[in-house]
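S.K.: Following this message is one structure expressed as structure tokens.
The values are calculated or read from the model by the stated rules, or taken from the named source; none is laboratory data. As the structure is a prediction and not an experimental result, all values here were calculated from the model. Using ideal geometry, Cβ is built from the backbone for each residue, glycine included, and neighbour counts are taken over all protein chains shown. Protein only, heavy atoms only, side chains kept; ligands, DNA and RNA dropped before computing areas. Shrake-Rupley method; radii C 1.70, N 1.55, O 1.52, S 1.80 Å.
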Amino acid sequence: STTLELRDVTKTYADTVVIDAINLTVNAGECVAILGPSGVGKSTILRLIAGLDEPTAGSVRLGETTIDTQPAEERGVGLMFQQPLLFPHLDAIDNVAFSARAAGKSRRQAREHAQKYLDLVQLGGYAHRRSTELSGGQAQRVALARALAAQPRVLLLDEPFSALDPQLRAEMHSLLRTIRRELNPTVLLVTHDQHEASVLADRIAILLDSRLAQVAAPHEIYSRP
Ligand code: ADP
Ligand code: ADP
């Protein structure tokens, strides 16, 4: 896994400053949660890192590389959203195999690779379910497997569990902890849920009024007298 660094990153839409010169370093293997109310610019930060949008100023680095000049598909970034966005006409395994196929692996090799990630998200037995036949929680696990199977240098999670009921959400939290233990990815997680941020993240970055108001470990943020 790799260090992710935002340096003086600014994003302006028309004359509105959404992100104002923020600095943030996510260490290799660390999980940082960006916590803030709706509309504050959390998703915008992830889009700038992923290359779905361009910063107005500043730079985004992954390890030694400045990535904001690279095309999105070359950045080595894995993305997961609130909705799983699976290909409905493909089986679970072919959804997960997609990046390996795109990288030129044979169907068999791609599926062997994908099966390992389906096993990791505890859906090893669902390889040949159509994605439309999966429950919401299962589909979200497949989306996570797909993001991980691309072996990204950084994993970006945008409100990934917000659409799930509390029981499924708790299961996904436990799965994410397992994945961190086994694969040690660098993770930037966006959430509006304080509880989620404090149980999953090593550090929480609070985004308020276009700035990171505080970046600290959960116990430091929530241990006020
Ligand atoms: P959050 O993820 O915290 O809910 P967003 O990053 O989605 O917030 O949005 C932050 C602000 O930027 C919002 O006010 C939103 O309306 C605005 N915004 C996001 N994308 C665009 C865009 N493409 N054009 C104009 N404004 C945008
Ligand atoms: P084959 O790979 O068997 O020579 P095709 O390329 O026509 O033949 O694909 C057969 C099946 O493989 C498709 O029905 C689809 O389910 C799956 N497939 C094809 N391309 C991809 C891809 N990029 N990612 C995942 N699955 C794919």
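S.K.: Does GLY58 satisfy being surrounded by fewer than 19 Cβ atoms within 10 Å (Cβ to Cβ), assigned to a loop (DSSP other than H, G, I, E, B) and small (Gly, Ala, Ser)? Step through it out loud before you land on a result.
M.R.: Details: surrounded by fewer than 19 Cβ atoms within 10 Å (Cβ to Cβ): yes; assigned to a loop (DSSP other than H, G, I, E, B): no; small (Gly, Ala, Ser): yes.
Criteria not met by GLY58.
S.K.: Same structure, new question: Considering only region 119-134, how many residues are over 19 Å from LEU176 (Cβ atoms) and part of a loop (DSSP other than H, G, I, E, B)?
M.R.: Number satisfying all stated conditions: 3.
S.K.: If you don't mind, there's one more thing I want to ask. When the residues of region 63-102 are filtered to those that are open to solvent by 50 Å² or more (accessible area, probe 1.4 Å) and within 16 Å of ligand 1 (Cβ to nearest atom), which remaining residue is farthest from THR186 (Cα to Cα)?
M.R.: Of everything passing the filter in region 63-102, GLN83 is farthest from THR186 (Cα to Cα).
S.K.: Here is a follow-up. Would a scan of region 98-118 turn up a residue that is away from ligand 2 (no atom under 16 Å from the Cβ) and under 25 Å from ARG181 (Cα atoms)?
M.R.: Initially, region 98-118 is screened for residues away from ligand 2 (no atom under 16 Å from the Cβ), giving none.
No; the residues of region 98-118 include none that is away from ligand 2 (no atom under 16 Å from the Cβ) and under 25 Å from ARG181 (Cα atoms).
S.K.: Would you confirm whether any residue within region 85-101 is more than 18 Å from the chain's Cα centre (by Cα), of a type in the set (Gly, Ala, Ser) and part of a loop (DSSP other than H, G, I, E, B)?
M.R.: Taking region 85-101 first, the residues more than 18 Å from the chain's Cα centre (by Cα) are 87-94, 97, 100-101.
Retained after the next criterion (residues that are of a type in the set (Gly, Ala, Ser)): 92, 97, 100.
Of the ones still in play, those that are also part of a loop (DSSP other than H, G, I, E, B) are 97.
Yes, region 85-101 contains a residue that is more than 18 Å from the chain's Cα centre (by Cα), of a type in the set (Gly, Ala, Ser) and part of a loop (DSSP other than H, G, I, E, B).
S.K.: Still on this structure, I have one more. Here are some residues: LEU155, LEU175. Which one is open to solvent by less than 10 Å² (accessible area, probe 1.4 Å), part of a strand (DSSP E or B) and farther than 15 Å from ALA197 by Cβ? I'd like the intermediate steps shown before the answer.
M.R.: Numbers: LEU175 fails: part of a strand (DSSP E or B).
The unique qualifying residue is LEU155.
S.K.: Is it the case that LEU144 is part of a helix (DSSP H, G or I), more than 11 Å from ligand 2 (Cβ to nearest atom) and within 25 Å of ASN27 (Cβ to Cβ)?
M.R.: Numbers: part of a helix (DSSP H, G or I): yes; more than 11 Å from ligand 2 (Cβ to nearest atom): yes; within 25 Å of ASN27 (Cβ to Cβ): yes.
So LEU144 passes the test.
S.K.: Taking only pairs six or more apart or across chains, which ones have beta-carbon atoms under 7 Å, a first residue in region 9-22 that is of a type in the set (Lys, Arg), and a second residue that is in a strand (DSSP E or B)?
M.R.: Qualifying pairs under 7 Å: LYS11/VAL18; LYS11/ILE19.
S.K.: Another question about this same structure. Can you find, within region 1-39, the residue that is modelled with the lowest pLDDT among those that are open to solvent by 20 Å² or more (accessible area, probe 1.4 Å) and among the hydrophobic types (A, V, I, L, M, F, W, C)?
M.R.: Among them, the one singled out is ALA14.
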